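J.: Quick one: the structure is below, and I'll ask about it shortly.
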Amino acid sequence: TTGSIDLLGIRFRPGGLGRLLALNAGELTDAVVDLTNFWGHIAQQVWQQLAEAAPENRICLCQELLRARANGQIQIDPFLQHCVIGIEASRGGLRIDDLERETGFSARQLERKFARHLGISPKTFARIVRFRGVVTATAGPDPPDWARLAADFGFADQPHLIREFKSFSGLTPAAYLHAATRPLEDVGFLQDRLSAAS
């Protein structure tokens, strides 16, 4: 993109958005949906307030609006939270059949649960977690050792890492690092900010 860009994003923990908007996350996968579909005329008021606010005040305004809307109810399904924590702790390496054994749910039940709350399959979520891990691991000052990273993150080999990286970023790892103007910075989750302010 070129020119001036004005973006504001809100990041929810995996599974957190559905409780706030009372929706099936699978219905939003790969889609752009207007907030008015969920909040009606209130969404127009939200957009107006954000448009009138100074850029540095928009985050606080979003937090206040969502805190009022959530009424303390941004809770994640405990079963899903357990699965998400396991996948994140393994850096995306936790196998789905291990999740089946651990939870007693079948692969199909896991698929339905993830589709409803995250909009993606457990396998896709694990791939995303692993991709983010690789990107974060490349943020140091030294050039990355791609073969070592492939082994560390459980890829079959370096070409497998490159294919996975390209499927998420559209670039090879080397091209991505060359194009990046600054290292990936992780951003906090809305739920953490709301909890800390309570």
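The values are calculated or read from the model by the stated rules, or taken from the named source; none is laboratory data. Computed from a predicted structure; not experimentally measured. We place every Cβ from the backbone using ideal geometry, glycine too, and count neighbours over all the protein chains shown. Accessible surface areas use protein heavy atoms only, side chains included; no ligands, DNA or RNA. Shrake-Rupley method; radii C 1.70, N 1.55, O 1.52, S 1.80 Å.
J.: Going by the conditions given, is A107 of a type in the set (A, V, I, L, M) and open to solvent by less than 70 Å² (accessible area, probe 1.4 Å)? Can you show your working first?
T.: Numbers: of a type in the set (A, V, I, L, M): yes; open to solvent by less than 70 Å² (accessible area, probe 1.4 Å): yes.
Taking the combined requirement at face value, the residue satisfies it.
J.: Got a sec? Which helices (runs of 4 or more DSSP H) wholly within the stretch 10-104 have at least 2 residues that are at pLDDT below 85? So that I can check it myself, show each step before the final result.
T.: On the way: elements: 16-21, 36-39, 41-52, 58-70, 78-89, 96-103.
Correct list: 16-21, 36-39, 58-70.
J.: A further question on this structure: Specify which of the listed residues (D152, D97) is exposed (fewer than 14 other Cβ atoms within 10 Å of the Cβ) and among the charged types (D, E, K, R). First the steps, then the outcome.
T.: On the way: D152 fails: exposed (fewer than 14 other Cβ atoms within 10 Å of the Cβ).
The match here is D97.
J.: Could you look through the stretch 112-131, keep only residues that are surrounded by fewer than 18 Cβ atoms within 10 Å (Cβ to Cβ) and within 13 Å of F79 (Cα to Cα), and pick out the one that is nearest to the chain's Cα centre (by Cα)?
T.: Restricting to residues being surrounded by fewer than 18 Cβ atoms within 10 Å (Cβ to Cβ) and within 13 Å of F79 (Cα to Cα), the top hit is R116.
J.: Turning to a different aspect of this structure: In the stretch 156-169, is there at least one residue being crowded, with 18+ Cβ neighbours inside 10 Å and either outside any helix (DSSP H, G or I) or under 18 Å from the mean Cα position of the chain (by Cα) (or both)?
T.: Within the stretch 156-169, one or more residues are crowded, with 18+ Cβ neighbours inside 10 Å and either outside any helix (DSSP H, G or I) or under 18 Å from the mean Cα position of the chain (by Cα) (or both).
J.: Show the residue pairs that are 6+ apart or on different chains and have beta-carbon atoms under 7 Å apart, the first residue being within the stretch 132-145 and open to solvent by less than 80 Å² (accessible area, probe 1.4 Å) and modelled with pLDDT under 90, the second being of a type in the set (F, W, Y) and part of a helix (DSSP H, G or I).
T.: From residues that are open to solvent by less than 80 Å² (accessible area, probe 1.4 Å) and modelled with pLDDT under 90, there are no pairs.
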